[in-house]
Amino acid sequence: MAPSHFDGLTRRNAIKAIGGGAGALALAGCTETEGNGNGNGGSGNGDGDMSGGNGGGSESLSGEISIAGSSTVFPLMSAIAEEYSSENPDVSVDISSTGSGGGFSNFFCVGETDFNNASRPIKEEEQNLCSENDVEYIELIAATDALTVVINNDNDFATEMTVDELAQIWQEDPVQTWDEVRDEWPNEEIERYGAADTSGTFDYFVENVQGAEAGHTDDYQATEQDNTIAQGVEGNEYAIGYFGFAYWFQNQDQITPVAIDNGNGPVEPSLDTAASGEYQPLSRPLFTYPSMSSLAEDHVADFARYFVSQTDNEQIVAEEVGYVPATQDVKEEQMQKLEDAIEEAQ
């Protein structure tokens with residue numbers, strides 16, 4: 001998949017371009033910083049300190065890293081990769097937004113990529129495919145997302161919905177007009193925009209909103225590009241869509257988020273409600289999966305360490321991308337899991 005290049009963009013503009021649906025990103029660094037020699041991939045203290053890029057002192061790392069998978073994890077991985085590449089100019093990080101399932105089945109589990117990003121855990125059939133191709137991996141937590149349902153800014157009636165009402169709109173045999181959801185809502189056709197069935201967001205929505213037995217309607221515009229969803233909803237007063245929180249976080253004036261009532265009153269999606277667990281059932285963990293064979297390579301192992309070290313960095317994860325950072329305890333657990341895997345791989 002040919003990458004797109006974002007030369008000369010600030011990180012915030014790059015993240016907006018990424019969140020806006022760019023399909024791939026190639027990053028190459030321009031400077032090398034001194035490491036502290038402890039091999040920890042950076043300080044990772046969560047306060048925005050980016051010291052310690054490769055953790056290898058004066059030794060320069062080089063090589064290519066290929067990453068595919070979730071469009072939801074894409075902006076986070078890209079923001080961290082941008083920082084890493086600026087400190088490691090000879091390491092090229094290539095990131096493609098293919099959807100969680102598309103990444104597993106077409107790239108990662110057939111040995112084509114080093115990492116797969118995912119907005120839900122790897123499925124059994126994907127595990128089997130990886131096994132068939134001798135691809136071993138570990139699962140790392142990247143952040144927490146508040147999957148966000150959005151409506152047009154002129155829609156003043158559907159700003160709050162129950163989970164059951166969402167299910168009626170998105171199930172395999174859905175309602176067709178808004179007044180079929182609530183009598184007092186207008187007799188206007190519902191126009192739907194959402195994640196493609198290769199997306200982990202699609203899988204999560206099906207399982208946690210309407211339920212697997214109810215399925216998902218085919219009567220919608222399916223895409224891996226968040227900007228396509230947002231533009232569709234923005235262009236029709238009676239449209240509805242869903243995607244990861246980060247896109248809305250970076251484009252808050254474009255569309256309106258829906259408050260979700262899971263039985264205890266409506267709760268708006270936010271970093272705070274996702275972190276507290278109030279925003280249910282649409283708060284979810286995000287993951288990345290490095291392959292064991294790739295972790296045997298020093299530059300891939302170093303990048304993985306750096307990624308984990310930044311998962312509690314509020315400046316990048318929360319303020320710039322729009323996800324809930326990992327806690328210190330979770331980060332330390334993930335780092336130990338990674339270090340054990342690297343030791344085994346090498």
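The values are calculated or read from the model by the stated rules, or taken from the named source; none is laboratory data. All values derive from a computational prediction rather than experimental measurement. Please note: Cβ atoms are built from the backbone with ideal geometry, for glycine as well, and neighbour counts cover all protein chains shown. These area figures cover heavy atoms from the full protein model, side chains too; ligands, DNA and RNA do not enter into them. Shrake-Rupley method; radii C 1.70, N 1.55, O 1.52, S 1.80 Å.
Would you check if residue 317 is hydrophobic (A, V, I, L, M, F, W, C) and either touching a Leu at 6+ places or on another chain (Cβ under 8 Å) or without any contact (Cβ under 8 Å) to a residue 12 or more places away in the chain (or both)? Yes, satisfied. From the list 211, 200, the one residue that fits, being of a type outside the set (Lys, Arg), over 24 Å from residue 73 (Cβ atoms) and in contact (Cβ under 8 Å) with a residue 12 or more places away in the chain, is 211.
Residue 131: open to solvent by 20 Å² or more (accessible area, probe 1.4 Å) and free of Cβ contacts under 8 Å to residues at least 24 places away in the same chain, yes or no? The answer is yes for residue 131. Take residue 96 and decide whether it is open to solvent by less than 10 Å² (accessible area, probe 1.4 Å) and out of contact with any Leu (no Cβ under 7 Å at 6 or more places or on another chain). So residue 96 does not fit the description; no.
For the stretch 220-228, the count of residues that are touching a helix residue (DSSP H, G or I) at 6+ places or on another chain (Cβ under 8 Å), crowded, with 18+ Cβ neighbours inside 10 Å, in a helix (DSSP H, G or I) and not charged (D, E, K, R) is nonzero.
Pairs are defined by a Cβ separation below 8 Å, a sequence spacing of at least 6 or placement on different chains, a first member in the stretch 322-346 that is of a type in the set (A, V, I, L, M), and a second member that is open to solvent by 100 Å² or more (accessible area, probe 1.4 Å); no pair meets this definition. Residues that are of a type in the set (D, E, K, R) and farther than 21 Å from residue 154 by Cβ within the stretch 207-258 comprise 207, 213, 218, 219, 224, listed in sequence order. Out of curiosity, is residue 309 touching an Asp or Glu at 6+ places or on another chain (Cβ under 7 Å) and among the small types (Gly, Ala, Ser)? No, not satisfied.
Pairing each residue of the stretch 93-115 that is within 17 Å of residue 223 (Cβ to Cβ) and outside any strand (DSSP E or B) with any residue that is open to solvent by 10 Å² or more (accessible area, probe 1.4 Å) and of a type in the set (Ser, Thr, Tyr), provided the two are 6+ apart or on different chains, yields C-beta distances under 6 Å for 97/71; 99/198; 101/198; 102/198. Looking at the stretch 171-180, which of the residues that are over 18 Å from residue 243 (Cα atoms) and open to solvent by 50 Å² or more (accessible area, probe 1.4 Å) is nearest to the chain's Cα centre (by Cα)? Restricting to residues being over 18 Å from residue 243 (Cα atoms) and open to solvent by 50 Å² or more (accessible area, probe 1.4 Å), the top hit is 172. Hey, does the stretch 155-170 have a residue that's open to solvent by less than 60 Å² (accessible area, probe 1.4 Å), charged (D, E, K, R) and under 21 Å from the mean Cα position of the chain (by Cα)? No: the stretch 155-170 contains no residue that is open to solvent by less than 60 Å² (accessible area, probe 1.4 Å), charged (D, E, K, R) and under 21 Å from the mean Cα position of the chain (by Cα).
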